[in-house]
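S.K.: Please see the structure below; I have some questions.
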Ligand code: SF4
Ligand code: SF4
């Protein structure tokens, strides 16, 4: 039953064992395990990693990032993109073959399919077989398990946005809010379609990465390559038979195991995700025939031509490496410089100044103070620049701000003048600096400058 056929029809990949498949399975399993377990990690009594959309904050191991810290998030994505480019220059599309969630989930769904419907030959046969109780039972079981896996994946994904401790009970007792439930089911449906039916079609037709990868390749990039010089002319033969043919015995195993259904013997193709399944398959055949391994291998163009390999002194290595190093430094500096308090001083725009009965000049401000930490904090507000200005009737003010709260604190700054000073002097501005300091950690403080409007006679 093929829902979305590719040009080659539905691909039932043959299971392959070997060094690269062990590595891929291990990395995929680790990725999937991390995906589900990370939302359950707690730090200082809270979910360690949580994109709290409702409260517009991102909690990361005790550090809270707010929309104002968007540049930091942007840096993370830019660095990740450059790291990917950096890795691609050397190891080609290893991300696609070994770490991409699309590949990991597809292989997981294929594994379940194999447990229920049998190996690839049996699955092809079942596709063609007429409907029977046996076929119906296998198909229903497979789709039920796929559905459950997809639902768990939907929950796993949303658990990065809604606290995991409350999400799973909400979903499985059908007590979730409309939007949370809708998003879980939406991502479950996407997973079910992607990993169950789309699989390689996503890599072939939807993923933009496969299209621009060749721009990052050079003659030193490691890609899965068929050594045509050694393999051709190909042809079948018996084991230990002496022949004039090349080493490729045309067993077609490299095609049977390929998740994207390509024949790597036709040269480098954008469909290849560098998963190494054909390398393992071909090595298995080479072992059987007593030939040297690595007819298909991870090799660079230069290696195949017998030219010296220049990885560390290529301009791409130096260029991407330098770019990643600079960006990481800027990110680390930005993170280090980030204030745990956010202060925004807003002047009263209606009345620039007011003359009080005792002839002092008053200006009104609203201080918006955000506590960007995950704990309640006590702050001291005072004026850093002393030019005869005072806050209300005190010199400083003490306030408590709850974690994540943005407190609006109205205050008046005044300047005393002599009782007989005229009220019709020229208007002039004086700079004043507000300072908010954490009482528990005086180094944790922010300042912001504003203007005080007064009269020249003051
Ligand atoms: S050609 Fe080989 S490495 Fe490329 S996708 Fe197919 S099996 Fe994987
Ligand atoms: S697995 Fe190796 S020997 Fe078999 S067809 Fe592919 S390249 Fe030839």
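S.K.: Give region 228-248 a look and list any residue that's assigned to a helix (DSSP H, G or I) and buried (at least 17 other Cβ atoms within 10 Å of the Cβ), or say none. Let's see the steps before the verdict.
M.R.: Filtering region 228-248 down to residues assigned to a helix (DSSP H, G or I) leaves 228-231.
Across region 228-248, the qualifying residue is only 231.
S.K.: Given the conditions (1) assigned to a helix (DSSP H, G or I); (2) away from ligand 1 (no atom under 16 Å from the Cβ); (3) surrounded by fewer than 19 Cβ atoms within 10 Å (Cβ to Cβ), and given that residue 95 satisfies all but one, which numbered condition is not satisfied?
M.R.: Only one criterion is unmet by residue 95, namely (2).
S.K.: Which count do you get for residues in region 69-92 that are in contact with a strand residue (DSSP E or B) (Cβ under 9 Å, 6 or more places away or on another chain) and in a helix (DSSP H, G or I)? Full working, then the answer.
M.R.: Restricting attention to region 69-92, the residues satisfying the condition of being in contact with a strand residue (DSSP E or B) (Cβ under 9 Å, 6 or more places away or on another chain) are 69, 72-73, 91-92.
Subsequent filtering for residues that are in a helix (DSSP H, G or I) retains 69, 72-73, 91.
Within region 69-92, residues that are in contact with a strand residue (DSSP E or B) (Cβ under 9 Å, 6 or more places away or on another chain) and in a helix (DSSP H, G or I) number 4.
S.K.: Now, a different point. Taking the conditions exactly as written (more than 30 Å from residue 237 (Cβ to Cβ), modelled with pLDDT under 85, loosely packed, with under 15 Cβ neighbours inside 10 Å and not assigned by TED's automatic domain parsing to the domain that holds residue 440), does residue 312 satisfy them or not? Give the derivation first.
M.R.: On the way: more than 30 Å from residue 237 (Cβ to Cβ): yes; modelled with pLDDT under 85: yes; loosely packed, with under 15 Cβ neighbours inside 10 Å: yes; not assigned by TED's automatic domain parsing to the domain that holds residue 440: yes.
Taking the combined requirement at face value, the residue satisfies it.
S.K.: Which residue is nearest to the chain's Cα centre (by Cα), if the candidates are limited to region 287-310 and must be away from ligand 1 (no atom under 15 Å from the Cβ) and within 19 Å of residue 14 (Cα to Cα)?
M.R.: 287
S.K.: List every residue pair whose Cβ atoms lie under 7 Å apart, where the two residues are 6 or more positions apart in sequence or sit on different chains, the first residue falls within region 267-289 and is within 18 Å of residue 216 (Cα to Cα), and the second residue, located anywhere, is within 9 Å of ligand 2 (Cβ to nearest atom) and part of a helix (DSSP H, G or I).
M.R.: Pairs that qualify, where the first residue is within 18 Å of residue 216 (Cα to Cα) and the partner is within 9 Å of ligand 2 (Cβ to nearest atom) and part of a helix (DSSP H, G or I), are 272/264.
S.K.: Among the residues of region 351-374, write down those that are without any contact (Cβ under 8 Å) to a residue 60 or more places away in the chain, within 19 Å of residue 431 (Cα to Cα) and assigned to a loop (DSSP other than H, G, I, E, B).
M.R.: Correct list: 351, 360.
S.K.: While we're looking at this one, here's another question. Restricting the search to region 425-458, which residues are in a loop (DSSP other than H, G, I, E, B) and out of contact with any strand residue (DSSP E or B) (no Cβ under 8 Å at 6 or more places or on another chain)?
M.R.: Of all residues in region 425-458, those in a loop (DSSP other than H, G, I, E, B) come to 425-426, 439-440, 456-458.
Matches in region 425-458: 457 only.
S.K.: Can you say whether residue 55 is in contact (Cβ under 8 Å) with a residue 40 or more places away in the chain and surrounded by fewer than 13 Cβ atoms within 10 Å (Cβ to Cβ), as far as the supplied structure shows? Show your work before the answer.
M.R.: Working: in contact (Cβ under 8 Å) with a residue 40 or more places away in the chain: yes; surrounded by fewer than 13 Cβ atoms within 10 Å (Cβ to Cβ): yes.
So residue 55 passes the test.
S.K.: Continuing with this model, one more query. Out of all the residues in region 262-272, is one or more within 25 Å of residue 321 (Cβ to Cβ) and within 16 Å of ligand 1 (Cβ to nearest atom)? Steps first, please.
M.R.: Just the residues of region 262-272 that are within 25 Å of residue 321 (Cβ to Cβ), to begin with: 268.
Filter again for within 16 Å of ligand 1 (Cβ to nearest atom), leaving 268.
Yes, some residue in region 262-272 is within 25 Å of residue 321 (Cβ to Cβ) and within 16 Å of ligand 1 (Cβ to nearest atom).
S.K.: In the set 225, 191, 221, which member is surrounded by 17 or more Cβ atoms within 10 Å (Cβ to Cβ) and touching a strand residue (DSSP E or B) at 6+ places or on another chain (Cβ under 8 Å)?
M.R.: On the way: 191 fails: touching a strand residue (DSSP E or B) at 6+ places or on another chain (Cβ under 8 Å); 221 fails: touching a strand residue (DSSP E or B) at 6+ places or on another chain (Cβ under 8 Å).
Going through 225, 191, 221 in turn, the sole match is 225.
S.K.: Would you be able to tell me the number of residues in region 249-284 that are in contact with a strand residue (DSSP E or B) (Cβ under 8 Å, 6 or more places away or on another chain), part of a loop (DSSP other than H, G, I, E, B) and within 14 Å of ligand 2 (Cβ to nearest atom)?
M.R.: 3
S.K.: Same structure, new question: For residue 203, indicate whether it is without any contact (Cβ under 8 Å) to a residue 60 or more places away in the chain, assigned by TED's automatic domain parsing to the domain that holds residue 11, surrounded by 13 or more Cβ atoms within 10 Å (Cβ to Cβ) and within 16 Å of ligand 1 (Cβ to nearest atom).
M.R.: Working: without any contact (Cβ under 8 Å) to a residue 60 or more places away in the chain: no; assigned by TED's automatic domain parsing to the domain that holds residue 11: yes; surrounded by 13 or more Cβ atoms within 10 Å (Cβ to Cβ): yes; within 16 Å of ligand 1 (Cβ to nearest atom): yes.
Taking the combined requirement at face value, the residue does not satisfy it.
S.K.: Looking at 314, 329, 299, which is the one that is more than 11 Å from ligand 2 (Cβ to nearest atom) and under 30 Å from residue 244 (Cβ atoms)?
M.R.: On the way: 314 fails: under 30 Å from residue 244 (Cβ atoms); 329 fails: under 30 Å from residue 244 (Cβ atoms).
The conditions single out 299.
S.K.: From the list 186, 197, which one is in a helix (DSSP H, G or I), in contact (Cβ under 8 Å) with a residue 12 or more places away in the chain, within 30 Å of residue 297 (Cα to Cα) and more than 16 Å from ligand 1 (Cβ to nearest atom)?
M.R.: Details: 186 fails: within 30 Å of residue 297 (Cα to Cα).
Every option except 197 fails the conditions.
S.K.: Something else about it: Could you please find all residues in region 126-142 being surrounded by 15 or more Cβ atoms within 10 Å (Cβ to Cβ) and in contact (Cβ under 8 Å) with a residue 12 or more places away in the chain? Break it down stepwise before answering.
M.R.: From region 126-142, those surrounded by 15 or more Cβ atoms within 10 Å (Cβ to Cβ) are 126, 135, 138-139, 142; that's our starting set.
Selection gives 126, 138, 139, 142.
The values are calculated or read from the model by the stated rules, or taken from the named source; none is laboratory data. As the structure is a prediction and not an experimental result, all values here were calculated from the model. Neighbour counts are summed over all protein chains in view; Cβ atoms, including those assigned to glycine, are modelled from backbone coordinates with ideal geometry.
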